[in-house]
1. Considering segment 264-278 alone, what residues qualify as being modelled with pLDDT under 95, assigned to a loop (DSSP other than H, G, I, E, B) and of a type in the set (A, V, I, L, M, F, W, C)?
2. When only residues in segment 98-129 that are part of a loop (DSSP other than H, G, I, E, B) and more than 18 Å from the chain's Cα centre (by Cα) count, which is nearest to Thr159 (Cα to Cα)?
3. Take residues that are in contact with a Phe, Trp or Tyr (Cβ under 9 Å, 6 or more places away or on another chain), farther than 29 Å from Gly140 by Cβ and among the aromatic types (Phe, Trp, Tyr) and tell me which of the strands (runs of 3 or more DSSP E) falling wholly in segment 279-385 contain 1 or more.
4. Name every residue in segment 6-26 that is surrounded by fewer than 19 Cβ atoms within 10 Å (Cβ to Cβ) and out of contact with any Ser or Thr (no Cβ under 6 Å at 6 or more places or on another chain), in order of residue number.
5. Would you pick out the residues in segment 290-325 that are surrounded by fewer than 24 Cβ atoms within 10 Å (Cβ to Cβ) and under 17 Å from Ala431 (Cα atoms)?
6. Kindly provide the set of residues from segment 56-97 that are of a type in the set (Val, Ile, Thr) and under 19 Å from the mean Cα position of the chain (by Cα), ordered by number.
7. Being among the basic types (Lys, Arg), over 30 Å from Phe247 (Cβ atoms) and touching a residue at least 60 places away in the same chain (Cβ under 8 Å) is true for just one of Arg335, Arg299, Arg321. Which residue is that?
Amino acid sequence: MPHTQLPFWLAEALAAEQPEPPTPLHGNHEVDVCIVGGGFTGLWCAIHLKQADPALRVLVLEKGLCGSGASGRNGGCLLTWSAKYLTLKRLFGEQQAAWLVRSSEQAVHEIAHFCKLHDIEAQLRVEGTCYTATSEAQCGLMEPVLQELKRTGLNQWQTIEESELASQSGSHVHLEGLYSPHAGSVQPALLVRGLLRVARELGVEVYEGSPMQRLDAGQPARVQTPEAIVRARKVVLALNSAMTAHFREFRRSIVLVSSDMVITEPAPAQLAAQQMNHGRSTVDGRTFVHYYRSTPDGRLMLGKGGNRFAFANRYLADFDRPSRYLAPLTLALRRFFPALQDVPIAASWCGASDRSVDGLPFFGHWREQPNIVYGLGYSGNGVAQSWMGGQVLAALVRDVVREEDKMWRDCALVSGPRGYFPPEPFRWLGAMVVRNAIRRKERAEDEGRPVPWYDKRLARLADAAGKADK
């Protein structure tokens, strides 16, 4: 598989769309809002702004193609923050935690409604998710958060009966499971490209192949690309994992970590026999989770987070190549689905996830500039949450604050970074030590062996950030 090959989802989306080659931005421009980054967050922000005020001149700059970054190459699992309720409550208090959980569940259905309204064919299926245990050590891990969700009236999870677990999840590997209806799956690159089309129909100016080279604060702010200068009253930085390449102050607030995926050739008959011809996503109880789902054309996608960590948060060339973890991913897929042993792997790919210290995104004003805002740190859980991020950023730059904007402007995520990783080389060395301890711990658990105490202690260091990367 050549290194220049596009990630699977984007190649599929572009083959269906057949777009014209991108035209970079040229010349001098004056706009109301300049959004840097044409992924989920940037496009949702642009759409929210134009829907609220069609007269605004909104311009989006994208370095490559919309969908070429993390937004178009993730696993496409539409998940919520309900499983993170305890972390949300500890950080923000009960009221804000409940609002964020409900908003993340609402986001799943808002995205589905938007796609239906605007005829975006993104293979979106809101058919729920299964959170499962694949070893005895993972059993019961969700119980503390379930008890709190039940106490506060937020619980949407249902226990899957043992007799139904294999049919619900498609695999006999699972020992226990929970189901929530507020989730599903989507072809992420098709969704990005659909948002691009709708944004342009609303009057948003989107220029691909137009990387930001320089940002100068002021009123107006000044954004420079290789062939253009944009003066904007407001600027939104929606670069996610690329933020560290431009702004040193974010290099310790996130860590770039890979999520790696494989997908099979179409095998609809075999998937139907496994009862996998549906849109549910399944996530196991590992720290660096396995996640899988089917596609409408009968493929099976499986991914795993937490494989590569970037030293000094440099964007690794491996993030744009087929996964170097093809062999272990294929082994995991065959373990979950031995009946698919003879179905060939069609492709593998990789993407960079911007993990924050607490596993949640953060938003704020860049260098305290009132007219420049940013958002990043989705930590591998951002397909649905980027709809919320677009709402936050749109509310932060809107001139007239509507009543419905206040909850987004004032939400607890508008805090700037809530913690920092150690400086290099300690961050990278620490990440390697913890990652390898987690691998040894979970291998022992899979095999039913005792876990050494030091691996248990080291693995706990990853718990604060929650599960990675879907």
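The values are calculated or read from the model by the stated rules, or taken from the named source; none is laboratory data. Keep in mind it's a predicted model, so treat the numbers as computed, not measured. Glycine also receives a Cβ, built like all others from the backbone with ideal geometry; neighbour counts cover every protein chain displayed.
1. Within segment 264-278, Met276 is the sole residue that qualifies.
2. Narrowing segment 98-129 to residues part of a loop (DSSP other than H, G, I, E, B): 118-124, 126-128.
Now narrow it down to the ones that are more than 18 Å from the chain's Cα centre (by Cα): 118-121, 127.
Numbers: His118: 35, Asp119: 35, Ile120: 33, Glu121: 32, Glu127: 16 Å.
Filtering first and then ranking leaves Glu127.
3. Details: elements: 281-283, 290-294, 300-309, 345-356, 362-365, 372-376.
The qualifying strands (runs of 3 or more DSSP E) are 300-309, 345-356, 362-365, 372-376.
4. Step one: filter segment 6-26 for residues surrounded by fewer than 19 Cβ atoms within 10 Å (Cβ to Cβ), giving 11, 14-24, 26.
Selection gives Ala11, Leu14, Ala15, Ala16, Glu17, Gln18, Pro19, Glu20, Pro21, Pro22, Thr23, His26.
5. Asn307, Arg308, Phe309, Ala310, Phe311, Ala312, Arg314, Tyr315, Leu316
6. So in segment 56-97, the residues of a type in the set (Val, Ile, Thr) come out as 58, 60, 80, 87.
Thr80, Thr87, listed by residue number.
7. Working: Arg299 fails: touching a residue at least 60 places away in the same chain (Cβ under 8 Å); Arg321 fails: over 30 Å from Phe247 (Cβ atoms).
Criteria check complete, one pass: Arg335.
Table: residues versus (1) among the small types (Gly, Ala, Ser); (2) in the same structural domain as Asp342 (by TED's automatic domain parsing); (3) over 18 Å from the mean Cα position of the chain (by Cα).
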{"residue": "Ala267", "(1), (2), (3)": "yes, yes, yes"}
{"residue": "Gln270", "(1), (2), (3)": "no, yes, yes"}
{"residue": "Asn277", "(1), (2), (3)": "no, yes, yes"}
{"residue": "Arg280", "(1), (2), (3)": "no, yes, no"}
{"residue": "Gly298", "(1), (2), (3)": "yes, yes, yes"}
